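Scroll down for the structure; my scribbles are underneath it.
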Amino acid sequence: MPFSPRHLNDGETLVLDLHPHWWFFGPESISLVASMFATLYLRSKVSGWLESTVTYVGLAAIIVSMSWLIVALIKWRTTYFVVTSHRLIYRQGVVARNGVEIPLERVNNVNFEQSIFERLLQVGDLLVESGGQEGQQVFSDIARPEEVQNIIHSTIQRDKNQRSEGAPSLAGIAHELERLEGLRDRGVLTDEEFEEQKRRLID
């Protein structure tokens, strides 16, 4: 199910729309397959009343594993990592919803992490560092994280170029001040560097 265009602002375009990598429900799938094979194996090794007991217990384990997989599949379908021309958007949940939105102009850095196993699966974590109160956000189970990193960087650059072509708006100045304050609060900028950047922005 794609991200709904009705959630976009006027003049905002969709750049990237991702559900989590299929490994998102890998543990649930493994649990279901394991319970099925375990049930079949144990039934072949016992007889009589033990066979019936193993069958009932095995069916119960299969039903629980299948229910777990269905819940994970629903979560997968309602989890989005979206890059637009203006924002990074993360949404998750069906009834109880939670989400993160980061304007591109506040994004300071984008990194990714992959283990050797995750490289084989082409999945990993994306680390987005931003100004303001967001700090660093970690987004897990991102498919092809290195490609996503490149897409975000190029989108940020296009956004900067478009904003630099026009006169700076009050909203843009306010966002930049908030970003600088976040960098100062985390110790990336000293008070002197913050004041210098603030003076350049306002002048």
_Considering only residues that are closer than 18 Å to VAL15 by Cα and in contact with a strand residue (DSSP E or B) (Cβ under 6 Å, 6 or more places away or on another chain), which ones fall in region 100-115?_
VAL100, GLU101, ILE102, PRO103, ARG106, VAL107, VAL110
*Meets criteria (closer than 27 Å to SER154 by Cα and modelled with pLDDT under 90) for GLU134*: yes
*asked:* Restricting to region 47-96, name every residue that is part of a loop (DSSP other than H, G, I, E, B), of a type outside the set (A, V, I, L, M, F, W, C) and out of contact with any strand residue (DSSP E or B) (no Cβ under 7 Å at 6 or more places or on another chain).
replied: SER47, GLY48, GLY93
_So, in region 137-177, how many residues would count as being at pLDDT 80 or above, among the β-branched types (Val, Ile, Thr) and open to solvent by less than 50 Å² (accessible area, probe 1.4 Å)?_
5
_Exclusive hit being in contact with a helix residue (DSSP H, G or I) (Cβ under 6 Å, 6 or more places away or on another chain) and within 23 Å of GLN157 (Cα to Cα), set LEU88, LEU16, LEU32, LEU69_ = LEU16
*Which one of these does THR39 not meet: (1) closer than 30 Å to ILE151 by Cβ; (2) in contact with a Gly (Cβ under 7 Å, 6 or more places away or on another chain)?*
(1)
_Here is a list: GLY48, GLY99, GLY93. Which entry is at positive phi and open to solvent by 40 Å² or more (accessible area, probe 1.4 Å)?_
GLY48
*Only one of (1) open to solvent by less than 50 Å² (accessible area, probe 1.4 Å); (2) in contact (Cβ under 8 Å) with a residue 40 or more places away in the chain fails for ASN108. Which number is that?*
(1)
*Within region 116-133, how many residues are in a loop (DSSP other than H, G, I, E, B), of a type in the set (Gly, Ala, Ser) and touching a strand residue (DSSP E or B) at 6+ places or on another chain (Cβ under 8 Å)?*
1
*region 183-193, residues that are modelled with pLDDT of 75 or more and either more than 17 Å from VAL107 (Cα to Cα) or not in a helix (DSSP H, G or I) (or both)*: THR190, ASP191, GLU192, GLU193
*Being out of contact with any Leu (no Cβ under 7 Å at 6 or more places or on another chain), without any contact (Cβ under 8 Å) to a residue 40 or more places away in the chain and either closer than 16 Å to VAL128 by Cβ or open to solvent by less than 60 Å² (accessible area, probe 1.4 Å) (or both), is that true of even one residue in region 12-25?*
no
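The values are calculated or read from the model by the stated rules, or taken from the named source; none is laboratory data. In this text, all values refer to a predicted model and were calculated from it rather than measured experimentally. Virtual Cβ from ideal backbone geometry, glycine too; neighbours counted across all protein chains shown. To get the accessible areas, we keep the full protein, side chains included, count just its heavy atoms, and leave off ligands, DNA and RNA. Shrake-Rupley method; radii C 1.70, N 1.55, O 1.52, S 1.80 Å.
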